[in-house]
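Just below is one structure, and these are the notes that go with it.
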Amino acid sequence: MLIWIVLIIVPMLFGLYAQFRIRSAYGKNVQIPSRGNITGREAAQAVMDSAGITDVEIVQVPGELSDHYDPINKRLALSEHNYHGTSLAALGVAAHEAGHAIQHKIGYSMMTVRQTLAPATQIASGIANLALILGIVLIGSAFGGTLLTLGAVALAVIVLFQLVTLPVEFDASRRAKAHLVNLGIVERDEMKGVHETLDAAALTYVAAFVASLGSLLHILLILSGRRED
């Protein structure tokens with residue numbers, strides 16, 4: 001029971017806390033306009049221009065916190081509030097995504113590894129839940145054990161992808177913070193709002209990794225117990 005709490009319940013609570021943190025930090029700092037009155041789109045463009053990036057398209061996408069960088073199509077996508085907004089949160093998120101574009105341009109090793117793992121991770125994500133649920137339902141049979149093993153392998157791929165994602169996200173935020181100050185987009189005394197937003201966002205990636213790792217260890221313990229029976 002204690003192991004189940006440590007591996008499943010604690011990571012789940014950590015994930016809920018991380019979601020609360022990002023919603024709270026973003027909700028607070030999206031209300032604080034920057035003094036420079038520069039939009040998120042303009043900030044992302046300025047950061048990429050400073051790095052000599054001229055072939056990445058900046059587009060607006062629907063949703064909240066749906067921002068991302070697409071390295072395959074060289075497209076930087078910003079949600080409406082961050083595309084048009086001049087808030088500290090908008091500038092932080094936009095510069096963060098521009099940080100990914102810089103990583104792509106310079107061939108940042110962890111981003112390359114992450115891109116390499118992405119296709120396998122998509123397949124693993126489609127397999128993991130179904131295999132694990134069926135494996136637990138059929139746990140008394142040999143087929144159930146096979147499904148659990150397949151699910152564990154899929155989970156391991158996901159855990160590896162999420163582990164590699166951590167330095168990619170941390171590095172993009174580090175680049176974003178430095179460029180916002182160095183380019184004069186945000187003044188140093190305004191950076192508290194940027195730090196709060198990006199640090200809270202980073203916590204969600206840590207929580208996702210911890211949750212997946214806990215699930216993987218839990219399944220491995222189940223498989224270990226089956227072998228001992």
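Considering only 61, 210, 137, the Gaussian network model of the chain with Cα springs below 10 Å gives its largest mean-square fluctuation to 137. Of the residues 67, 55, 199, the one that moves most in a GNM of the chain with alpha-carbon contacts below 10 Å is 55.
For the peptides 123-135, 169-181, the ranking by packing is 169-181, 123-135, with the highest mean count of neighbouring Cβ atoms within 10 Å listed first.
For segment 157-211, the solvent-accessible area of protein heavy atoms averages 42 Å² per residue (probe radius 1.4 Å; ligands and nucleic acids excluded). Contact order for segment 41-105, expressed relative to its length and based on alpha carbon pairs under 8 Å spaced 6+ residues apart, stands at 38 percent. Element breakdown for the chain at a 1.4 angstrom probe: carbon and sulfur atoms account for 64% of the accessible area. Counting only residues at least eight positions apart within a chain, or on another chain, the lysines with an alpha carbon under 29 Å from that of residue 192 are 28, 105, 177. Mean residue ellipticity at 222 nm, helices only, the chain: -25000 deg cm²/dmol; runs of at least 4 DSSP H residues each add -39,500 (n - 2.57), and the sum is divided by the number of residues. Each residue of segment 139-149 was assigned a 3J(HN,Hα) from its phi angle through the Karplus curve 6.51 cos²θ - 1.76 cosθ + 1.60 (θ = phi - 60°); the sequence is 4, x, 10, 5, 5, x, x, 5, 5, 4, 5 Hz, with glycine and proline shown as x.
Which of rounded, prolate, oblate describes the chain, given a ≥ b ≥ c as roots of the alpha-carbon gyration tensor eigenvalues and a/c under 1.5 marking rounded, otherwise prolate only if a/b is larger than b/c? It is prolate, given that a/c is not under 1.5 and a/b is the larger ratio.
Using a cutoff of 8 angstrom between alpha carbon atoms and counting only pairs six or more residues apart, the relative contact order for the chain works out to 28 percent.
Given a Förster distance of 35 Å, report the FRET efficiency between residue 122 and residue 24 from their Cβ-Cβ distance, rounded to the nearest 0.05.
Working: r = 31 Å, r/R0 = 0.88.
FRET efficiency, residue 122 to residue 24: 0.70.
Each residue of segment 128-134 was assigned a 3J(HN,Hα) from its phi angle through the Karplus expression (A = 6.51, B = -1.76, C = 1.60, θ = phi - 60°), giving 3, 4, 4, 5, 5, 5, 5 Hz with x at Gly and Pro. Compute the helix-to-body angle for 88-106: its Cα long axis versus the longest principal axis of the chain, expressed 0 to 90° and rounded to tens. Approximately 70 degrees, to the nearest 10. In order along segment 194-204, phi translates into HN-Hα couplings of 5, 4, 4, 5, 6, 5, 5, 5, 4, 5, 5 Hz, rounded to whole numbers, per the Karplus curve 6.51 cos²θ - 1.76 cosθ + 1.60 with θ = phi - 60° and x for Gly and Pro.
The values are calculated or read from the model by the stated rules, or taken from the named source; none is laboratory data. Computed from a prediction, not measured in an experiment: that's the story for all the values here. For neighbour counting, all protein chains shown are included, and Cβ atoms are generated from backbone atoms with ideal geometry for every residue, glycine included. Only protein heavy atoms, including side chains, enter the accessible area calculation; ligands, DNA and RNA are left aside. Shrake-Rupley method; radii C 1.70, N 1.55, O 1.52, S 1.80 Å.
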